[in-house]
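The block underneath contains the structure these notes are about, expressed in structure tokens.
The values are calculated or read from the model by the stated rules, or taken from the named source; none is laboratory data. Just so we're clear, the structure is a prediction, and the values are computed from it rather than from any experiment. For neighbour counting, all protein chains shown are included, and Cβ atoms are generated from backbone atoms with ideal geometry for every residue, glycine included.
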Amino acid sequence: MTSDTPNIKFSMRAEKSTRNKDDLRVMIAGTLFCIFMLMMQKPIFWLYDFMYAEKPIVTATIQIQAIAGRERPMIWYDADSRQNVQGIWIASVYEADGEQARLFSRRGDGNYPALNSEDSPELWTWSSFFDNEKDDWIIPDVPVKPFIICVRYDVFTSDSNFNDNSPQYCSDVFDPKDMEKLP
């Protein structure tokens with residue numbers, strides 16, 4: 001019993017020719033592989049950001065605090081990024097009742113470098129927290145009813161231009177009457 005199919009062997013090895021011709025083949029293959037790697041860098045980074053990177057990329061902590069001698073509350077705020085991103089921050093003030101009606105909001109551009117460790121929150125004045133560095137900016141009034149401040153981010157990674165939208169990070173409820181109780 002014999003088989004009619006020919007015995008074919010697959011080989012990745014090229015036939016030997018002259019030394020210069022073989023070296024040229026290796027150089028051409030290496031150059032093409034390097035060009036391929038350079039062209040695929042951005043799509044590979046984007047795929048990593050899409051599938052494997054921890055999200056949200058930017059996280060924040062925010063807290064409203066009444067401080068003696070100030071007519072407006074101060075804001076403890078910190079934003080931490082897992083990688084270099086740039087984009088838009090949106091800070092909004094909501095009534096603290098069940099409806100959560102938005103009273104006002106501000107937005108501005110921001111750059112957030114990746115930090116190896118989380119830094120500590122910084123104290124911001126009311127006006128500097130809502131400053132969007134535009135000429136038409138008006139300092140918003142502190143609400144007279146209890147309120148919360150929320151911030152969220154719409155950012156793009158610097159290496160792959162991947163878009164990430166963070167959830168809202170909100171403060172605890174702040175009652176403006178607490179300002180009157182301070183000495």
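Data for the structure
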| read-out | value |
| --- | --- |
| So Met27, is it surrounded by fewer than 15 Cβ atoms within 10 Å (Cβ to Cβ) and of a type in the set (A, V, I, L, M, F, W, C) | yes |
| Residue check for Ala114: among the aliphatic types (A, V, I, L, M), over 26 Å from Glu180 (Cβ atoms) and surrounded by fewer than 17 Cβ atoms within 10 Å (Cβ to Cβ) | yes |
| Of all residues making up the range 95-128, the number that are touching a residue at least 60 places away in the same chain (Cβ under 8 Å) and either closer than 30 Å to Phe162 by Cα or in contact with a helix residue (DSSP H, G or I) (Cβ under 7 Å, 6 or more places away or on another chain) (or both) | 1 |
| Residue in the range 6-59 that is nearest to Asn84 (Cα to Cα), counting only those that are modelled with pLDDT under 85 and of a type in the set (Lys, Arg) | Arg25 |
| Residues satisfying the stated conditions in the range 119-162, i.e. surrounded by fewer than 15 Cβ atoms within 10 Å (Cβ to Cβ) and of a type in the set (A, V, I, L, M) | Leu123, Ile138, Ile139, Val144 |
| Matching residues, the range 54-87, being surrounded by 15 or more Cβ atoms within 10 Å (Cβ to Cβ) and among the hydrophobic types (A, V, I, L, M, F, W, C) | Ile57, Val58, Ala60, Ile62, Ile64, Ala66, Met74, Ile75, Trp76, Ala79, Val85 |
